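The block underneath contains the structure these notes are about, expressed in structure tokens.
The values are calculated or read from the model by the stated rules, or taken from the named source; none is laboratory data. Quick caveat: nothing in here was measured; it's all calculated off a predicted structure. No Cβ is skipped: glycine too gets one built from the backbone with ideal geometry, and neighbour counts run over all protein chains shown. We work out accessible area using only protein heavy atoms, side chains counted, and drop any ligands, DNA or RNA first. Shrake-Rupley method; radii C 1.70, N 1.55, O 1.52, S 1.80 Å.
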Amino acid sequence: MQTRNRNLKVKLVFNGIIFSSLFIMGMQFTPFRFMDKEALIGPLIILTAILIYYLIFNREIIITKNSLLIAALSALFFMYYIANITARVPLKPAYMIYLAIIFAVFLFIGTFKNKVLFYPASIIFVFLYVNLLFLPRILTHMSLTNANSNGIIAFLLLFFCIINFRESNWILRIINIYNTLFLLYALFMVATSRAAMLAFLVSVFIYLVVKKSHRFVFPFIALLIVGSQAFTLFYLKAKGTTIGMKLNALTEKYTGKRFFSGRDRVWKESLEDVTNSGNIWTGLGNNTQHGEFNGYLHNFYVQLFYQSGIIGLLLMSALLLAIAYVAMKVKRDTIDHSYKILFAYFVGILFLQIFEGHLIYKFELISMLCWIIIALFVNKTLLMNFNSNEKRL
């Protein structure tokens with residue numbers, strides 16, 4: 001009993017370090033920012049805490065065909081993306097280090113048998129985040145600094161609220177309900193990110209139907225990946241057409257914003273830059289960025305193609321499909337609340353990438369949270385498949 005209590009205290013300390021680092025990263029989207037957005041201190045602390053956590057507790061990794069498949073494909077993508085540079089452009093070593101950290105965090109959280117994150121601790125993290133970083137701004141200005149980014153952060157923080165819905169401690173449960181209501185208000189009434197709102201609604205829908213339609217997980221993710229890229233091309237071609245003008249009028253009527261927000265021009269320029277360079281297979285390199293929006297292209301697949309070409313697109317698609325393949329192998333009767341919300345947010349994050357590109361964008365709380373949630377989903381599916389095989393043996 002004493003050993004268990006001591007281990008719990010140590011876990012809480014390390015979770016406190018991880019969530020504190022995420023909190024500090026989140027401050028860069030508020031008036032309280034005190035360091036450059038591209039500082040590596042937050043990600044480095046998170047990675048260090050995870051590694052020390054692994055050394056202290058049972059040093060076991062899930063070693064199966066499924067885990068090796070995901071590890072190999074993620075290593076291929078990140079190694080290629082980090083090494084893919086253009087010689088005539090100055091290197092961006094900090095960005096390369098950040099990508100390496102993201103890869104390590106994803107791999108360790110995804111493959112450790114001993115879960116890294118203690119979900120009830122996230123309730124306190126979210127409570128502090130919304131009250132210290134969101135609430136003061138809303139009370140004084142009725143708005144959020146960097147409202148679009150903070151809308152996406154609200155969407156991602158809601159993951160921790162929903163996965164903790166069945167928390168047994170009544171105090172934590174009340175705090176979690178407060179967190180949920182506050183973030184819903186921030187997402188739908190204060191923030192301006194239509195993509196985050198849609199991603200949340202998609203996640204809720206997927207949560208409700210995933211157990212009944214589980215056998216279609218793999219083809220659904222494949223369709224989502226292909227459909228996202230097809231929609232990007234449609235978006236570029238639709239402007240000025242009859243259907244484009246109708247979509248513009250419809251979104252302006254119900255959201256107050258135009259369907260064609262300027263992304264079409266940046267996407268078109270980015271695709272033309274790559275095709276005109278003749279580097280369609282490798283892209284322009286991770287050290288090359290578009291001249292506008294600080295290099296942020298507001299589309300994951302355009303960003304991938306711009307910096308890593310068709311090879312990068314294929315490698316990332318293979319990784320996402322491998323995750324879907326492993327998820328499809330989970331037995332339907334073992335699907336629980338946490339699996340449903342993890343898969344729902346996996347889909348929601350992928351849906352978000354149509355109009356955002358945070359999975360490979362630099363130095364952000366958003367990209368770190370996205371990869372942590374995906375890693376938690378990978379860990380859940382690997383453990384469920386591993387335990388099912390153990391029982392069968």
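Averaged over its residues, the chain has an accessible area of 45 Å² per residue, based on protein heavy atoms and a 1.4 Å probe. Sorted from greatest to least, the principal axis extents spanned by the alpha carbons of segment 13-115 come out as 42, 41, 19 Å. For segment 125-240, dividing the convex hull volume of the Cα atoms by the residue count gives 132 Å³ per residue. Sorting Y119, Y178 on solvent-accessible area from highest to lowest, probe radius 1.4 Å, gives Y178, Y119.
Just flag the GluC sites (Glu not before Pro) in segment 225-324 sitting in loop per DSSP whose Cβ has no more than 16 other Cβ atoms within 10 Å.
E292
Going by a ≥ b ≥ c, the root eigenvalues of the Cα gyration tensor, does segment 153-195 fall in the rounded group (a/c under 1.5), the prolate group (a/b larger than b/c) or the oblate group? Here segment 153-195 falls in the prolate category. The listed residues T251, T48 rank as T48, T251 when sorted by accessible area, largest first, using a 1.4 Å probe. Among the chymotrypsin sites (Phe, Trp or Tyr not before Pro) in segment 10-88, those located in a DSSP loop and surrounded by at most 15 other Cβ atoms within 10 Å of their own Cβ are F32, F34. Determine, at each q value in 0.10 (inverse angstroms), the log₁₀ of I(q)/I(0) that the Debye formula gives when each Cα of segment 265-385 is one equal point scatterer. Rounded to two decimals, the profile gives -0.36.
Summing +1 for each Lys or Arg and -1 for each Asp or Glu among the other residues whose beta-carbon sits under 11 angstrom from that of K237 gives +1. Given in Å, the Rg to one decimal and the Dmax to the nearest whole number for the Cα atoms of segment 183-309 are 17.1, 47.
Put simply, the amide H of I61, placed in the peptide plane, has neighbours under 5 Å in K113, leaving out anything fewer than 5 places away on its chain.
Across the accessible surface of segment 209-267, with the other protein chains kept in place and a 1.4 Å probe, carbon and sulfur atoms take up 67 percent. Of the whole protein surface, V330 contributes about 10 Å² of accessible area at a 1.4 Å probe radius.
Please report, largest first and rounded to whole Å, the three semi-axes of the ellipsoid equivalent to the chain, where each semi-axis is the square root of five times an eigenvalue of the C-alpha gyration tensor.
For the chain, the semi-axes come out at 32, 26, 23 Å.
For segment 241-275, trypsin sites (Lys or Arg not before Pro) meeting the loop criterion (DSSP other than H, G, I, E, B) and having at most 12 other Cβ atoms within 10 Å: K257, R258. For segment 41-192, the square roots a ≥ b ≥ c of the C-alpha gyration tensor eigenvalues yield an a/c of 1.5 or more together with a/b not exceeding b/c, which makes the shape oblate. Mind checking the log10 I(q)/I(0) for segment 103-173 at q = 0.13, 0.14, 0.19, 0.28 Å⁻¹? Debye, one equal scatterer per Cα, no solvent, two decimals. So the normalised log intensities are -0.51, -0.58, -0.91, -1.20.
Computed from the Cβ-Cβ distance with R0 of 22 Å, the FRET efficiency linking Y119 to K211 stands at 0.60. Placing M328, M189, M96, M25 in order of accessible area, with the largest value first and a 1.4 Å probe, yields M189, M328, M96, M25.
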